[in-house]
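Participant: Below is one structure. I have some questions about it.
The values are calculated or read from the model by the stated rules, or taken from the named source; none is laboratory data. In this text the structure is predicted, and so the values were computed from the model without any measurement. Here the Cβ is made from the backbone with ideal geometry for all residues, glycine too, and neighbour counts use every protein chain on show. In case anyone asks, the SASA skips ligands and DNA or RNA and just uses the protein heavy atoms, side chains included. Shrake-Rupley method; radii C 1.70, N 1.55, O 1.52, S 1.80 Å.
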Amino acid sequence: MALKVTVGPPVITINHGHAFLVSEFDGSVTDASDQGFYARDTRYISRYQLYIDGEPWTLLNSGAVTYYASRTCLVNPRIVTDHGVIAAGTLGLMLGRMIGEGLHEDIDIRNYSATSVRFNLELLIRTDFADIFEVRAKERTRRGHIETEWSGEGQRLVSRYAHNDFCRALTLFLENCSSRALYGNGRINFVVELAPGASWHACWKYDITEGDLLRRAPGECAHTCEETGLARTLTHWKQVTTQITTSNEEFYRLYRQSVEDMAALRLRADDERPDELLAAAGVPWFVSVFGRDSLIVSLQNMTVYPDFARGTLKRLAALQATESDPYRDAEPGKMPHELRVGELAHFKRIPHTPYYGTADATILYIIAWHEAWKWLGDDALIAEYQKVVTRCLRWIDEYGDRDGDGFQEYQTRSEKGYENMGWKDAGDAVVYPDGSLVKGPKALCELQGYVYDAKRRAAEGADYVGNSNLAKKLREEAAELQRRFEERFWCEDLGYYAYALDGDKKPVKTIASNPGHLLWSGIVRPDRAARVMRRLREPDMWSGWGIRTLSASHPAYNPFSYQNGSVWPHDNGIIAMGFKRYGFAEEAAMLARDISGAGSYFLLNRLPELYAGVQREPGNFPVQYLGANVPQAWAAGSTFHLLRAILGLDADAPTRTLYIDPVLPPWLPDLTLRQLRVGRATLDLRFWRERDATRYEVLAKEGDVKVEARPVVTGYASR
C-alpha cells in the first residue's frame with residue numbers, strides 16, 4: 001500500500017518506562033512546542049539544536065529503529081570558515097539516541113571531502129522543568145528557580161530546579177569525545193578537526209535526578225541498541241507473548257506491531273518486582289498509572305500476556321481509596337483514575353495524587369480480577385484480592401449508586417474534577433438528542449452492564465471459596481439489576497438502549513456506541529441483542545473504518561471531534577466481543593476487518609488512540625485525529641480483542657480447559673496461534689477455513705490442558 005497516514009505533526013517519538021522523547025525529524029526540539037525529553041511528568045529538555053558554525057545541519061533521513069531508539073542522518077550546509085569553505089554535503093553526522101531511565105546520545109561525524117576541515121560543533125540545550133499538565137495546556141508558570149553549572153574539568157553540564165521541597169535536575173555528561181568542550185552563552189562548543197576520511201565521536205549521557213533519586217542514562221551506545229539489555233528484554237517479550245502466523249499479511253503486521261506497542265508501554269508495578277508489569281495508557285501524554293486503561297488493557301491481553309493483570313491488580317489495590325476526599329473525588333473502596341508525580345501534583349494544585357474521577361474502574365477491577373483467575377488458574381489471586389474485591393462491591397452499592405435507585409451514577413465533587421467519568425470523559429461527550437449537554441448525575445448505560453457482569457463474576461469467586469450465601473446474593477442482585485435495567489433503559493421507539501439516565505432519571509435517547517458494551521457485559525436480553533447489533537450497523541454508526549462514537553445524524557456529530565463521532569479501536573474491540581457473545585460472528589469479523597484495514601494505512605501498521613469517523617468510500621483512507629496518542633495501549637490491545645472474538649477464545653484454567661468457537665471470515669482464511677497460555681500450560685493451535693466451515697487442530701501442547709469447542713453464547717455468558 002503506497003499511502004501511509006501519519007498521526008499528528010511529523011515527529012519522532014521514542015520511549016521506555018516512564019521516560020519519553022519527542023523531537024523533530026532532524027533531532028531538534030523546538031521552542032513553543034510540546035516536544036522534549038520527559039520523565040515522570042517533568043520535561044527535562046525543552047530546547048535542543050545542533051549547529052555547525054552557527055548554522056543548523058541538514059536532514060537527510062531519520063526514524064525510530066525500535067520503540068526505545070532512533071537514528072538521524074544529517075549533512076552540513078555550505079559553510080565559510082576562517083580555514084576555508086566546507087562544501088555542502090561533505091560532512092555526515094549520525095545522531096543516535098537510546099532512552100532508558102535517562103537518555104544516551106551518540107554523535108558521529110565523518111569527513112567525506114578530499115581536504116582537511118576545521119569547524120565548530122555547537123549544542124544549544126535548554127531545560128524548563130515544566131510540568132506535563134502545563135505543557136499540554138500551553139500555560140507555563142515558573143514557580144521555582146533554575147541554576148546551571150558547567151564543569152570544564154569534568155565535562156558536564158548540570159541544570160537544577162528547586163521549588164521548596166520539589167527538586168529535579170538534569171546532568172549532561174560529555175564522554176568519549178574526540179575533543180574537549182567549552183561552554184558559553186547557553187551553548188556547548190567543540191572545535192572539530194578532521195582529515196579526509198577521518199571521524200569524530202562523542203557520547204552524551206543525560207542523567208535525571210528526582211529529589212534524592214538518581215536515574216542514569218543507558219551505558220551502551222545507541223548503535224548497539226539491538227544488543228543491549230533493552231533489546232534482550234524485547235526479545236524475551238516476543239518469546240513469552242502469544243504469536244500468530246497467517247497468510248493475511250495485513251492482519252499479521254497489525255498484530256505484530258500491537259505486541260511491540262505493548263512492550264513499549266510496560267511499566268513496573270513495583271520497583272522491587274521488575275517482573276510485575278502494568279500498561280501505561282499512551283505516549284506522549286499518558287505515561288502513568290491509569291485505572292480504567294490499565295484494567296481494559298489487562299482484559300485485552302488475556303490471550304497474549306495474561307500476567308499484565310498481576311501487576312495491574314497489585315498496583316491499583318495499593319491505591320484503592322480508604323477515605324472520602326472530595327477534592328480528589330475519592331471514596332472508600334474506589335479505584336483510581338490517574339496518578340501523577342509532577343510539580344503540580346506534588347503541591348496538590350491538581351487532584352491527581354491520585355485522582356479518583358472514574359465511574360468504571362472500580363467495577364472493571366472485579367471483572368479483570370475474575371478474568372485473570374480464569375486465564376492464569378492461580379487460586380492465590382482469589383485469596384490475595386478477596387478483601388479488595390469486597391471493598392469494590394461495597395463502593396458499587398454505597399457510592400456508585402448515589403441515590404439508592406439501584407443504578408450507577410456519577411458527578412464530580414471536586415472543583416477541578418471531570419464532568420464525565422466514563423470512558424468517554426470529554427466534557428462534551430454526553431449529549432441529549434438536541435446536542436445540549438446532559439445534566440447530572442449521569443447513569444451511563446454501560447456502567448449498569450459492567451456491574452451486572454462484575455457481580456456475576458464475583459459470585460463465581462465466592463462459590464469457589466465456599467461462600468454460597470454471598471454467591472446467591474450477588475446473583476440475585478445481578479438478576480434484579482438486569483430486570484430493572486431493561487425496564488428503564490430500553491427505548492422501544494429507538495429499538496435501542498438509552499445512552500444514559502440524566503439527573504432527573506429521564507432516558508437520554510442519543511444514538512451512541514455505548515450500548516455496544518452492553519453486549520460485551522451480557523446484560524442485554526437475548527431477544528433484543530439483534531436489534532442492538534443492527535442499529536450499530538446502520539450507516540450513521542458504521543463508518544466502514546469502524547463504529548463511530550456518536551451517530552452521524554446527531555446534531556453534535558463531528559467526525560474530527562474527540563468522542564462525538566470519531567472511531568476508537570478499543571471501543572470497537574469491546575463491541576466485537578459483544579457481537580460474538582450473542583452469536584453475531586459475521587459482524588464481529590466485519591468489525592475486525594474494518595479496524596485491520598484502517599491500521600494498514602497508518603505508519604508501521606500502528607493503531608492510534610482514535611481517528612476520524614469519516615465515511616469509508618472507494619479511494620479514500622482513514623483520517624488522523626490530531627493529538628492522538630501513539631503508541632496507545634488499549635488501541636493496540638483492540639487487535640487482541642478482535643482476534644479473540646473471531647476465534648471465540650475463553651479459558652477456564654482452574655479446570656484446565658480452553659474453550660473455542662472459531663469462525664474465520666473469508667479475508668482471514670488461516671491462522672495459527674503459538675504459545676497461547678492457559679494456566680501453566682501452553683498451546684499451539686492452527687485454524688483454517690474449509691469451504692464455509694472453520695477447522696482446527698492442536699499442533700503442540702505443554703502441560704495439562706484440553707481444548708473444547710462450544711459456542712461462546714452458551715459459555716460464560718449463560719452462567
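Participant: Which length gain, in nm to one decimal place, applies between E708 and E323 when the Cα-Cα distance is subtracted from 0.36 nm times their residue separation?
Facilitator: Answer, rounded to one decimal: 134.0 nm.
Participant: A follow-up question, please. What Kirkwood hydrodynamic radius do you get for the range 589-719 when you take the inverse of the mean 1/r over all pairs of distinct Cα atoms, in Å?
Facilitator: 16.6 Å
Participant: Then there is this: So, for the chain, what is the accessible surface per residue at a probe of 1.4 Å, expressed in square angstrom?
Facilitator: Dividing the accessible area of the chain by its residue count gives 38 Å².
Participant: OK, next. Could you check the simple spin-label distance between R273 and F25, using points 7 Å along Cα→Cβ, in nm with one decimal?
Facilitator: The two pseudo-label positions are separated by 4.5 nm.
Participant: Per DSSP H run of n ≥ 4, the term is -39500 (n - 2.57); total these for the chain, divide by its residue number, and report the mean residue ellipticity at 222 nm rounded to 500 deg cm²/dmol.
Facilitator: -8500 deg cm²/dmol
Participant: Relative to the present Cα-Cα distance, how much length would full extension add between K505 and W667 at 0.36 nm per residue of separation?
Facilitator: Fully extending the segment from K505 to W667 adds 53.8 nm.
Participant: State the extension gain, in nm to one decimal, for the chain segment bounded by A87 and S116, taking 0.36 nm per residue of separation less the distance between their alpha-carbons.
Facilitator: Going from the current span to full extension adds 9.3 nm.
Participant: Let me ask something else about it. Just to verify a number: FRET efficiency for C491 and Q615, C-beta to C-beta distance, R0 = 22 Å, to 0.05?
Facilitator: Computed FRET efficiency for C491 and Q615: 0.30.
Participant: While we're here: Counting only C-alpha contacts under 8 Å and six or more residues apart, can you give the relative contact order of the chain as a whole percent?
Facilitator: Averaging sequence separation for qualifying contacts and normalising by length gives 11 percent for the chain.
Participant: What FRET efficiency comes out for the pair R656/L603, r = Cβ-Cβ distance, R0 = 51 Å, nearest 0.05?
Facilitator: After rounding to 0.05, the efficiency reads 0.75.
Participant: Could you pull out the longest piece of the chain with no exposed loop GluC sites (Glu not before Pro) in it, calling a site exposed if DSSP puts it outside H, G, I, E, B and it has at most 10 other Cβ atoms within 10 Å?
Facilitator: 493-719
Participant: With Cβ to Cβ distances under 11 Å as the rule, what net charge do the other residues near P306 carry (K, R +1; D, E -1)?
Facilitator: Result for the neighbourhood of P306: 0.
Participant: Carbon and sulfur atoms: what percent of the 1.4 Å accessible area of the range 181-220 do they account for?
Facilitator: About 50 percent, which is the carbon plus sulfur part of the accessible surface.
Participant: Between A198 and K472, what is the label-point separation in nm under the 7 Å Cα-to-beta-carbon projection?
Facilitator: About 9.0 nm, to one decimal.
Participant: What is the range 516-601's relative contact order, in percent, from Cα pairs under 8 angstrom and six or more apart in sequence?
Facilitator: Computed value for the range 516-601: 31 percent relative contact order.
Participant: Could you sort out which of K138/K439; K314/K348; K580/K701; K442/K473; K472/K706; K387/K455 sit more than 22 Å apart by Cα distance in this structure?
Facilitator: K138/K439; K314/K348; K580/K701; K442/K473; K472/K706
Participant: With no solvent and one point on each alpha carbon, what is the Debye value of log10 I(q)/I(0) for the range 43-121 at q = 0.21, 0.28 Å⁻¹?
Facilitator: Log10 I(q)/I(0), no solvent term: -0.98, -1.42.
Participant: Now a separate question. Enumerate the residues in the range 583-605 having an amide nitrogen under 18 Å from the point lying 7 Å beyond the Cα of D692 toward its Cβ.
Facilitator: Within reach of a label on D692, which here means backbone N under 18 Å from a point 7 Å along Cα→Cβ, the range 583-605 contributes 583-590.
Participant: Apply 1/(1 + (r/R0)^6) to the Cβ-Cβ distance of T6 and A137, taking R0 = 25 Å, and write down the FRET efficiency to the nearest 0.05.
Facilitator: According to the calculation, E is roughly 0.55.
Participant: With the full set of protein chains in place, find how many percent of the accessible area of the range 278-351 is carbon and sulfur; take the probe as 1.4 Å.
Facilitator: Exposed carbon and sulfur together represent 53 percent of the surface.
Participant: Also: Post the alpha-carbon centroid distance, the range 270-298 to the range 530-549, in whole angstrom.
Facilitator: Answer, in whole Å: 31.
Participant: In degrees from 0 to 90, rounded to the nearest 10, what is the angle of the helix 445-464 Cα long axis to the longest principal axis of the chain?
Facilitator: With both axes taken from Cα atoms, the answer is about 80 degrees.
Participant: At 7 Å along Cα-to-Cβ for each site, give me the label-to-label distance between E249 and R78 in nm.
Facilitator: 4.4 nm
Participant: Starting from the coordinates of the alpha-carbon atoms of the chain, obtain the Kirkwood hydrodynamic radius over all distinct pairs and give the value in Å to one decimal.
Facilitator: Taking the inverse mean of 1/r over all distinct Cα pairs, the chain comes out at 27.0 Å.
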